[in-house]
């Protein structure tokens, strides 16, 4: 899948997102998201993208595993993934060298069962209103 721009109001492009490493046999795909405009980070745009991709992955593409790789210097992405129900699966040490220092790669996953549970919880909350 090609990367798509992330757009906020007035068609201002603030980043790119996409699904990569799509594995149809094992029903797995990776989230790729980058918000380049620093003043647009931590504003909820990334969470909206993740919600949209969850629906696409599980309801349209029939995926079992939705995952992301995050470097240890990107704490805001790690926080966003946890906030959106992803679980840390593990890490690899010293996978990227940047500005004279090595950083770890952390792997986060959101599984089909997590999606079913999340959808069920939302349905219950909607029914209560």
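Taking square-rooted eigenvalues a ≥ b ≥ c of the alpha carbon gyration tensor, is the stretch 4-128 rounded, prolate or oblate, where a/c under 1.5 means rounded and, failing that, a/b exceeding b/c means prolate? Oblate. A straight line joining the Cα centroids of the stretch 49-88 and the stretch 11-38 runs 9 Å. The simple spin-label model puts a point 7 Å past each Cα toward its Cβ; for residue 113 and residue 47 those points are separated by 2.6 nm.
Just so you know, all these numbers are worked out from the coordinates, no wet-lab data involved. None of these values were measured; they are calculated from a predicted model. Here the Cβ is made from the backbone with ideal geometry for all residues, glycine too, and neighbour counts use every protein chain on show.
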